[in-house]
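J.: Please see the structure below; I have some questions.
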Amino acid sequence: KASKICVAYENLERFFPKGKMILTGNPVRQDLIDIDSKRAEAIQYFNLDSKKKTLLVLGGSLGARRVNQLIEKELENILSQNVQVIWQCGKLYLEDYKKYNKENVQVVAFIERMDLVYAAADVIISRAGASSVSELCIVGKPVIFIPSPNVAEDHQTKNAQAIVDK
């Protein structure tokens, strides 16, 4: 029997004995701890204009069809706001969306340097998976969460709501 149980979220008493739980949160990448000091490196790494705001769109490694459709539909409106976009569309959707690669728009399947892309971003649109929510809390940037409707027990909506309720 475990003497202590590390949990990522509060209110899990229905699953574990209250006296054994320790609220630790989810593990996050250590390179996210001090992203503010990486902004200049990030701007250079992604070849961005330091005078423009950057919108980061994250759909997960496979991609998020509805998020991609939303960005596609609103891309011209977004660009009319004098911003630049880093759009991680996922490997399943790169062929569909790479045509939008142009000035002020970078469409990619996957991002290796999450620390730098978070440092470059001014606003982030993301799914609300547990790891994403935890990382974005550390990053401390404005985020628009779009929970996936295709997950067990609607947990992404619950993840996003937990942040709203704080």
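The values are calculated or read from the model by the stated rules, or taken from the named source; none is laboratory data. For clarity, every value in this text was computed on a predicted model and none was experimentally measured. Please note: Cβ atoms are built from the backbone with ideal geometry, for glycine as well, and neighbour counts cover all protein chains shown.
J.: Restricting the search to the range 145-166, which residues are farther than 20 Å from residue 10 by Cα, more than 16 Å from the chain's Cα centre (by Cα) and small (Gly, Ala, Ser)?
T.: none
J.: Go through the range 69-96 and give me each residue that's of a type in the set (S, T, N, Q) and part of a helix (DSSP H, G or I).
T.: Those that are of a type in the set (S, T, N, Q) and part of a helix (DSSP H, G or I): 69, 77.
J.: Determine which member of the set 81, 88 is crowded, with 16+ Cβ neighbours inside 10 Å and modelled with pLDDT of 95 or more.
T.: Among 81, 88, only 88 is crowded, with 16+ Cβ neighbours inside 10 Å and modelled with pLDDT of 95 or more.
J.: Out of all the residues in the range 11-42, which are β-branched (Val, Ile, Thr) and either out of contact with any helix residue (DSSP H, G or I) (no Cβ under 6 Å at 6 or more places or on another chain) or more than 30 Å from residue 106 (Cα to Cα) (or both)? So that I can check it myself, show each step before the final result.
T.: Taking the range 11-42 first, the residues β-branched (Val, Ile, Thr) are 22, 24, 28, 33, 35.
22, 24, 33, listed by residue number.
J.: For the structure I just gave you, tell me whether residue 128 is of a type in the set (A, V, I, L, M), modelled with pLDDT under 95, under 13 Å from the mean Cα position of the chain (by Cα) and surrounded by 15 or more Cβ atoms within 10 Å (Cβ to Cβ).
T.: Values: of a type in the set (A, V, I, L, M): yes; modelled with pLDDT under 95: yes; under 13 Å from the mean Cα position of the chain (by Cα): yes; surrounded by 15 or more Cβ atoms within 10 Å (Cβ to Cβ): yes.
Criteria met by residue 128.
To keep it simple, each residue is scored yes or no on (1) over 25 Å from residue 158 (Cα atoms); (2) over 20 Å from the mean Cα position of the chain (by Cα).
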residue: 2; (1), (2): yes, yes
residue: 9; (1), (2): no, no
residue: 12; (1), (2): no, yes
residue: 16; (1), (2): no, yes
residue: 35; (1), (2): yes, no
residue: 51; (1), (2): yes, yes
residue: 56; (1), (2): no, no
residue: 67; (1), (2): no, no
residue: 70; (1), (2): no, no
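J.: Would you confirm whether or not the range 59-68 contains a residue that is buried (at least 17 other Cβ atoms within 10 Å of the Cβ), in contact with a Lys or Arg (Cβ under 9 Å, 6 or more places away or on another chain) and either hydrophobic (A, V, I, L, M, F, W, C) or assigned to a helix (DSSP H, G or I) (or both)?
T.: Here is the first cut: in the range 59-68, the ones buried (at least 17 other Cβ atoms within 10 Å of the Cβ) are 59-60, 63-64, 67-68.
Among the residues that remain, those that are also in contact with a Lys or Arg (Cβ under 9 Å, 6 or more places away or on another chain) are: 59-60, 63-64, 67.
Now restrict to residues that are either hydrophobic (A, V, I, L, M, F, W, C) or assigned to a helix (DSSP H, G or I) (or both): 64, 67.
Yes: one or more hits.
J.: Which numbered condition trips up residue 73, out of (1) among the charged types (D, E, K, R); (2) modelled with pLDDT of 95 or more; (3) surrounded by 13 or more Cβ atoms within 10 Å (Cβ to Cβ)?
T.: Result: residue 73 passes all but (3).
J.: Would you mind finding the one in 115, 122 that is among the acidic types (Asp, Glu), in contact with a helix residue (DSSP H, G or I) (Cβ under 6 Å, 6 or more places away or on another chain) and either within 18 Å of residue 142 (Cβ to Cβ) or crowded, with 19+ Cβ neighbours inside 10 Å (or both)?
T.: Working: 122 fails: in contact with a helix residue (DSSP H, G or I) (Cβ under 6 Å, 6 or more places away or on another chain).
Criteria check complete, one pass: 115.
J.: For the range 136-166, enumerate the residues that are of a type in the set (Val, Ile, Thr) and touching a residue at least 40 places away in the same chain (Cβ under 8 Å). Show your work before the answer.
T.: Of the residues in the range 136-166, the ones of a type in the set (Val, Ile, Thr) are 138-139, 143-144, 146, 151, 157, 163-164.
138, 139, 146, listed by residue number.
J.: Restricted to the range 1-32, and to residues that are surrounded by 12 or more Cβ atoms within 10 Å (Cβ to Cβ), part of a loop (DSSP other than H, G, I, E, B) and hydrophobic (A, V, I, L, M, F, W, C), which residue is modelled with the highest pLDDT?
T.: Taking the candidates together, the pick is 16.
J.: Let me ask you something else. For the range 33-53, give me each residue that is surrounded by 12 or more Cβ atoms within 10 Å (Cβ to Cβ), among the hydrophobic types (A, V, I, L, M, F, W, C) and outside any loop (DSSP other than H, G, I, E, B).
T.: Passing the criteria: 35, 42, 43.
J.: Within the range 142-166, restricting attention to residues that are more than 11 Å from residue 128 (Cβ to Cβ) and acidic (Asp, Glu), which residue is modelled with the lowest pLDDT?
T.: Applying the filter and picking the extreme gives 153.
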